[in-house]
1. Looking at 149, 195, 163 in this structure, which one is touching a strand residue (DSSP E or B) at 6+ places or on another chain (Cβ under 7 Å), surrounded by 15 or more Cβ atoms within 10 Å (Cβ to Cβ) and in a helix (DSSP H, G or I)?
2. Surrounded by 15 or more Cβ atoms within 10 Å (Cβ to Cβ), at negative phi and not in a helix (DSSP H, G or I) - does that describe any residue in the range 35-44?
3. Can you pull out every residue in the range 1-18 that is exposed (fewer than 14 other Cβ atoms within 10 Å of the Cβ) and either in contact with a strand residue (DSSP E or B) (Cβ under 9 Å, 6 or more places away or on another chain) or at pLDDT 85 or above (or both)?
4. In the range 54-83, what count of residues is obtained for those that are assigned to a strand (DSSP E or B) and in contact (Cβ under 8 Å) with a residue 40 or more places away in the chain?
5. Which condition number in (1) assigned to a helix (DSSP H, G or I); (2) more than 17 Å from the chain's Cα centre (by Cα) is the one that residue 112 fails?
6. Of everything in the range 19-30 that's in contact (Cβ under 8 Å) with a residue 40 or more places away in the chain and assigned to a helix (DSSP H, G or I), which residue is surrounded by the most Cβ atoms within 10 Å (Cβ to Cβ)?
7. Which of the residues spanning the range 115-146 are part of a loop (DSSP other than H, G, I, E, B) and within 16 Å of the chain's Cα centre (by Cα)?
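The values are calculated or read from the model by the stated rules, or taken from the named source; none is laboratory data. Source: prediction; values computed, not measured. Ideal geometry is used to build each Cβ from the backbone, glycine not excepted, and the neighbour counts take in all protein chains shown.
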């Protein structure tokens, strides 16, 4: 089942400089759901289409080896479950329903309760094999493409973090997780390596 997302670019009115100054890692969230429009903005900032063949975050060689999946818990207008983001059409494709929602407590390394308490968790996976094959001629052989893929994941994650700041949402980047468990939990194909998890939710301290 496909879910169309609201048109992005409407709610991001705060200046870039202010967002950079106010950006913080937020690990405690309120119980309120986040608006579907806000999730739309975050996904667009991550990988959204900004022109013919180009997206909001840079990609070496225009390869775009990333894939974005979203575990939805509390998003207005969306049922709980796992979704895949389709950047070209700006839609969410439902992968699972709430009956198969993964528990993420054993995915993170150490105690990371925000993985289970956030309104949504956005996972960025990278097709490392395709990236390394594409850049095989660049030394060190077999490594450069992987570096590019992880750089791209980091750039996309920072876009999302700044967008979350503009939307007054809390977000924290999680990089300490078990790769195998994260791949299974977020329903990535075998060729995709989970690179970054982003926990997002309504701030518990909106007034700061």
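1. Working: 195 fails: in a helix (DSSP H, G or I); 163 fails: touching a strand residue (DSSP E or B) at 6+ places or on another chain (Cβ under 7 Å).
Result: 149 is the single residue among 149, 195, 163 that is touching a strand residue (DSSP E or B) at 6+ places or on another chain (Cβ under 7 Å), surrounded by 15 or more Cβ atoms within 10 Å (Cβ to Cβ) and in a helix (DSSP H, G or I).
2. Taking the range 35-44 as the starting set, the residues that turn out to be surrounded by 15 or more Cβ atoms within 10 Å (Cβ to Cβ) are 35-44.
Pick out the ones that are also at negative phi and you get 35-44.
Cutting the leftovers down to not in a helix (DSSP H, G or I) gives us 35.
The answer is yes, given that some residue of the range 35-44 is surrounded by 15 or more Cβ atoms within 10 Å (Cβ to Cβ), at negative phi and not in a helix (DSSP H, G or I).
3. Of everything in the range 1-18, those that are exposed (fewer than 14 other Cβ atoms within 10 Å of the Cβ) and either in contact with a strand residue (DSSP E or B) (Cβ under 9 Å, 6 or more places away or on another chain) or at pLDDT 85 or above (or both) turn out to be 1, 2, 4, 7, 15, 16, 17, 18.
4. To start, the set of residues in the range 54-83 that are assigned to a strand (DSSP E or B) comprises 54-55, 66-72, 75, 81-83.
Within this subset, residues satisfying the condition of being in contact (Cβ under 8 Å) with a residue 40 or more places away in the chain are 66-72, 75, 82-83.
The qualifying residues number 10.
5. Going through the list (1) assigned to a helix (DSSP H, G or I); (2) more than 17 Å from the chain's Cα centre (by Cα), residue 112 breaks only (1).
6. The selected residue is 19.
7. First, pick out the residues of the range 115-146 that are part of a loop (DSSP other than H, G, I, E, B): 118-119, 127, 135-143.
Within the range 115-146, 118, 119, 127 meet the criteria.
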